[in-house]
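The values are calculated or read from the model by the stated rules, or taken from the named source; none is laboratory data. Worth saying up front: this structure is predicted, and the values here are computed from it rather than measured. We place every Cβ from the backbone using ideal geometry, glycine too, and count neighbours over all the protein chains shown.
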């Protein structure tokens, strides 16, 4: 049985439910899979029933040692060193190849080194930067995922920022064609072993309500779900809502999620006089998201940068028509004119035009919504995604 280690920032997380699905799916396909992360909050486990039903899996989650202060490092370093040094051959290879710097590297990666994996997969490309040494030290394969931000923004000031990754990694996964083209523009060889595997949705969980909500005599309900960060372009969404109100369209807009941009967005809401129709709902567990999606008439996604957009897939699975920007992989996600409307990013007037059209045409909303769920069922099924990752990881091992 091949041992696969997924390296990610935290597990589990409400904003990354796809990591839970991947972990469980690959485990059920026979992989000896482990997760190495910087933090794992026990309170988060209660939001994932599929994890709670299998408590024995907790031993597969490994948290790295703290490094926020010298005192923490001094206290934990002996344990980290012992944990990672049970095989002298690794130290001989590491010392002669990397010199004294190996001791710093080992402290950060001790839980991973102790697992002796056949394959290490970094869940985000930026996490692999500076860690290609693990390939030689452990005689293992290394692959990684690029999901958007790591290619779109990280290291742009350095022309060859990902040079070591292009040269030494054994395979890369990307969410779609847009990111694959961007990777090549940043130096990735065209013949690099790669796989384009988009996000996927559990359409059994994300299923529209059996009875449609009555839309007459109430405001149009618009919903956005996602981290409150600048890359989501929420200021353009608020401007579009303001334009709808000025056109005399009664609207209620919910933003579900939290993040560092909440304060600035609340200020924009105040400046535009939208306190009565725009509401911040904070972060929500998966079960609560269903209620918000069932409440809405339209899903709005105004990102200025996006790898693909999991929340947009979830909305389509719930038969919501989508109005979104053309950022990154969103045009691969939403079929313009078929499952929603794709408009130029940073363009509140274009957003308003599509929202107003849908506001006045409930039949169109229904047609787009039903086509969206059908498209998700045909192209973004969870079992197909897990099978694709299984195939990709086996290709990497065999390469």
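Can we say residue 299 is within 22 Å of residue 18 (Cβ to Cβ) and assigned by TED's automatic domain parsing to the domain that holds residue 140?
no
Got a sec? Which of 254, 262, 221, 182 is surrounded by fewer than 20 Cβ atoms within 10 Å (Cβ to Cβ), in contact with a helix residue (DSSP H, G or I) (Cβ under 9 Å, 6 or more places away or on another chain) and closer than 19 Å to residue 305 by Cα?
182
Quick one: how many residues across the range 156-173 are under 22 Å from the mean Cα position of the chain (by Cα) and over 25 Å from residue 138 (Cβ atoms)?
1
Identify the single condition in (1) surrounded by fewer than 14 Cβ atoms within 10 Å (Cβ to Cβ); (2) in contact with a strand residue (DSSP E or B) (Cβ under 9 Å, 6 or more places away or on another chain); (3) free of Cβ contacts under 8 Å to residues at least 24 places away in the same chain that residue 190 does not satisfy, given that it satisfies every other one.
Failing condition for residue 190: (2).
Residue check: is residue 22 surrounded by 17 or more Cβ atoms within 10 Å (Cβ to Cβ) and either in a helix (DSSP H, G or I) or modelled with pLDDT of 90 or more (or both)?
yes
Would it be correct to say that residue 317 is surrounded by fewer than 23 Cβ atoms within 10 Å (Cβ to Cβ), modelled with pLDDT of 95 or more and either within 24 Å of residue 205 (Cα to Cα) or not assigned by TED's automatic domain parsing to the domain that holds residue 183 (or both)? Walk me through it before giving the result.
Details: surrounded by fewer than 23 Cβ atoms within 10 Å (Cβ to Cβ): no; modelled with pLDDT of 95 or more: yes; either within 24 Å of residue 205 (Cα to Cα) or not assigned by TED's automatic domain parsing to the domain that holds residue 183 (or both): yes.
No: the conditions fail for residue 317.
Restricting to the range 333-347, name every residue that is touching a strand residue (DSSP E or B) at 6+ places or on another chain (Cβ under 7 Å) and closer than 21 Å to residue 196 by Cβ.
334, 336, 339, 342
Rundown of residues vs (1) out of contact with any strand residue (DSSP E or B) (no Cβ under 7 Å at 6 or more places or on another chain); (2) part of a loop (DSSP other than H, G, I, E, B), yes/no style:
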residue: 104; (1), (2): yes, no
residue: 114; (1), (2): yes, no
residue: 135; (1), (2): no, no
residue: 155; (1), (2): yes, yes
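Return yes when residue 305 is touching a helix residue (DSSP H, G or I) at 6+ places or on another chain (Cβ under 7 Å), farther than 22 Å from residue 207 by Cβ and surrounded by 15 or more Cβ atoms within 10 Å (Cβ to Cβ) and no when it is not.
yes
Taking into account only those residues within the range 151-169 that are modelled with pLDDT of 95 or more and buried (at least 20 other Cβ atoms within 10 Å of the Cβ), which is nearest to residue 395 (Cα to Cα)?
In this case the residue turns out to be 169.
Considering 365, 373, 346, which residue is assigned by TED's automatic domain parsing to the domain that holds residue 312, in a loop (DSSP other than H, G, I, E, B) and either surrounded by 15 or more Cβ atoms within 10 Å (Cβ to Cβ) or touching a helix residue (DSSP H, G or I) at 6+ places or on another chain (Cβ under 7 Å) (or both)?
Sole residue among the options that is assigned by TED's automatic domain parsing to the domain that holds residue 312, in a loop (DSSP other than H, G, I, E, B) and either surrounded by 15 or more Cβ atoms within 10 Å (Cβ to Cβ) or touching a helix residue (DSSP H, G or I) at 6+ places or on another chain (Cβ under 7 Å) (or both): 346.
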